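To keep things clear, I will list the structure first and then write my remarks on it.
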């Protein structure tokens, strides 16, 4: 019998008492699953990491474009657009996951079209997971970048134009360097959020090992299997990622060139 | 080098109707209160004023930057205007040298080190703007504006963000710069003293309209209308009626009960015309005796405040108790006259010091 925490006592043939704050919850599990203890689920770590990196990388360019557009323009429907963009932050992840599942499923127009014209499946696949991840992370990427773009005084852009810099060079030489703390924040928040996302991943991706089982799903699985040690290891890895991400965000914010005045 | 010609009209968001010229090597100051449209005019020259209602023409010699009739509108990048922004707008993430280097066009520009040495910035090349003083930032902004070898140099309230001692140094530097620079220079300021000090010509701007232009001395001595007089800070402006007399001379009736002043008739106003008039510049004197002068008014001293070398002295003409004349005589002069509040003095106004304008302002945009 593996090392267990004091609050969890296995009884003969899988009947255990799980002590969780308010009371005792009996959970039935087979003893066999208990014996399949692993520490780090490297397959899940790989899926999580790949998902986080791809989400951050793919979302950065459109994120910058949308953020800059929202920061520099003002139009009638803008508050509504901004509210829609924020929606994934406020909706329960399972709700978002549920609707994405419906949207990606073969009963939907998108799903039906994909089924008819390609081999791409969006439900219970890594592609679908990535697409869902891109959609729900939009506010995490856009918000911090939008704030830094909005903080750039317009006179700096005008100064660049008068100095002879075209729009693109003004963007690359002046705006991007000044907005980079926002970019760092956006990437770090997106990556950290992707690593930690649970509800949407479970709804859209399920828990297919090597495909859609991410670290947070693996933690859930391990806890379900009473493998608390493995859950701890993976949970700590995620905590570490989050701490690094938050530290990056704060470090970037402190080194914001625009605050040096 | 060519003359800058500006003639712009705009409806929204800022109403503009202004025209002026600035010759090569000349400094023209656009002077007016805050929100009068001076900066908008500068932005229109630089191509930064975005407005669908903008009409007119901005050209430097044969080089047309904007011509609404011919559909010409060059982008700011194509205009070759050096602009020093009010708060400099230096790029905060670049060093002083990089700020200047980014604006350089062509290979003919002098090395950065040389430019920095000339502007007294040697050794500061690698500092970021946040680590430069206001005066140093201003000089870097000037260096950046000049780095693109501009055809016109535009300065937007360049001295407003520096302290008084730095300002004095910068005035000197601007004066020195003029010796070496042959581009037209347009300076925006709300400070009349600054305009008088730095500019060859001033253009008085109010609510987007150029009201009058000319040498500072001329504009201050002969404001075109009451608004200009007010804007250039002439305290003494009054109402009256102008009557023609023998050729070259006129009579100004001040007040209903007939205080008459002898004035010069420039043949611009009809007989019996209601006028606004100002006592402009010098040509005004305080004395104990009337002294046989043409326009000598006996006045009572209502207020006398010593302000260091000069004093603020408010007088009430005995014949017109409702009026007040404010002067800033030398404190020592008042002491010599033993002037005291409640006492009386003679105010002697030379006919040349009285400047007469029709009450109704001329149509704006007709600055001469």
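The values are calculated or read from the model by the stated rules, or taken from the named source; none is laboratory data. Here the structure is a predicted model, which means the values were calculated and not measured. Virtual Cβ from ideal backbone geometry, glycine too; neighbours counted across all protein chains shown.
Couple of notes before you dig in:
- Meets criteria (outside any helix (DSSP H, G or I) and away from every other protein chain (no Cβ under 14 Å)) for residue B:120: yes
Every residue, every condition in (1) within 14 Å of chain B (Cβ to nearest Cβ); (2) modelled with pLDDT under 95; (3) more than 25 Å from the chain's Cα centre (by Cα), yes or no:
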position: A:115; (1), (2), (3): no, yes, yes
position: A:164; (1), (2), (3): yes, yes, yes
position: A:189; (1), (2), (3): no, yes, no
position: A:198; (1), (2), (3): no, yes, no
position: A:204; (1), (2), (3): no, yes, no
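- Flag for residue A:144 being touching a residue at least 60 places away in the same chain (Cβ under 8 Å), surrounded by 18 or more Cβ atoms within 10 Å (Cβ to Cβ) and in the same structural domain as residue A:245 (by TED's automatic domain parsing): yes
Residues are listed down the side, and each one gets a yes or a no for (1) away from chain B (no Cβ under 14 Å); (2) under 21 Å from residue A:40 (Cα atoms); (3) crowded, with 20+ Cβ neighbours inside 10 Å; (4) out of contact with any helix residue (DSSP H, G or I) (no Cβ under 9 Å at 6 or more places or on another chain):
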| position | (1), (2), (3), (4) |
| --- | --- |
| A:178 | no, no, yes, no |
| A:192 | yes, yes, yes, no |
| A:221 | yes, yes, no, no |
| A:225 | yes, yes, no, no |
| A:236 | yes, yes, no, yes |
| A:244 | yes, yes, no, no |
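- Top-ranked residue in region A:58-76 [being surrounded by fewer than 18 Cβ atoms within 10 Å (Cβ to Cβ) and part of a helix (DSSP H, G or I); ranked as farthest from the chain's Cα centre (by Cα)]: A:72
- Residues within region B:60-79 that are farther than 25 Å from residue A:173 by Cβ and either within 14 Å of chain A (Cβ to nearest Cβ) or in a loop (DSSP other than H, G, I, E, B) (or both), tallied: 6
- Region B:147-172 - residue that is closer than 26 Å to residue B:2 by Cα and surrounded by fewer than 17 Cβ atoms within 10 Å (Cβ to Cβ) and, of those, farthest from the other protein chains (Cβ to nearest Cβ): B:172
- So residue A:153, is it surrounded by fewer than 19 Cβ atoms within 10 Å (Cβ to Cβ), within 14 Å of chain B (Cβ to nearest Cβ) and within 24 Å of residue A:56 (Cα to Cα): no
- Only a single criterion out of (1) assigned to a helix (DSSP H, G or I); (2) more than 14 Å from every other protein chain (Cβ to nearest Cβ); (3) out of contact with any strand residue (DSSP E or B) (no Cβ under 8 Å at 6 or more places or on another chain) is not satisfied by residue B:100, namely (2).
- So residue B:155, is it more than 30 Å from residue B:118 (Cβ to Cβ) and in contact with a helix residue (DSSP H, G or I) (Cβ under 9 Å, 6 or more places away or on another chain): no
- Residue B:93 vs. criteria under 31 Å from the mean Cα position of the chain (by Cα), within 9 Å of chain A (Cβ to nearest Cβ) and either assigned to a loop (DSSP other than H, G, I, E, B) or farther than 26 Å from residue B:39 by Cβ (or both): no
- Breaking point among (1) buried (at least 20 other Cβ atoms within 10 Å of the Cβ); (2) touching a residue at least 60 places away in the same chain (Cβ under 8 Å); (3) away from chain B (no Cβ under 14 Å), for residue A:229: (1)
- Criterion applied to B:127, B:105, B:144 was being within 12 Å of chain A (Cβ to nearest Cβ) and more than 24 Å from residue B:167 (Cβ to Cβ), and the one residue passing it is B:105.
- From B:262, B:256, B:298, residue being over 27 Å from the mean Cα position of the chain (by Cα), exposed (fewer than 15 other Cβ atoms within 10 Å of the Cβ) and part of a strand (DSSP E or B): B:298
- Those helices (runs of 4 or more DSSP H) of region B:176-231 in which at least 2 residues are closer than 21 Å to residue B:8 by Cβ, considering only elements entirely within it, cover B:226-231.
- The sole residue among B:82, B:56 that is more than 15 Å from residue B:148 (Cα to Cα) and outside any loop (DSSP other than H, G, I, E, B) is B:56.
- Any hit, region B:103-123, residues being within 30 Å of residue A:151 (Cβ to Cβ), surrounded by fewer than 21 Cβ atoms within 10 Å (Cβ to Cβ) and modelled with pLDDT of 90 or more: no
- Among the residues making up region B:62-77, those that are out of contact with any strand residue (DSSP E or B) (no Cβ under 8 Å at 6 or more places or on another chain) and without any contact (Cβ under 8 Å) to a residue 60 or more places away in the chain are B:71, B:75, B:76, B:77.
- Evaluation of residue B:57 against (1) surrounded by fewer than 20 Cβ atoms within 10 Å (Cβ to Cβ); (2) at pLDDT below 90; (3) away from chain A (no Cβ under 14 Å) (one fails), failing number: (2)
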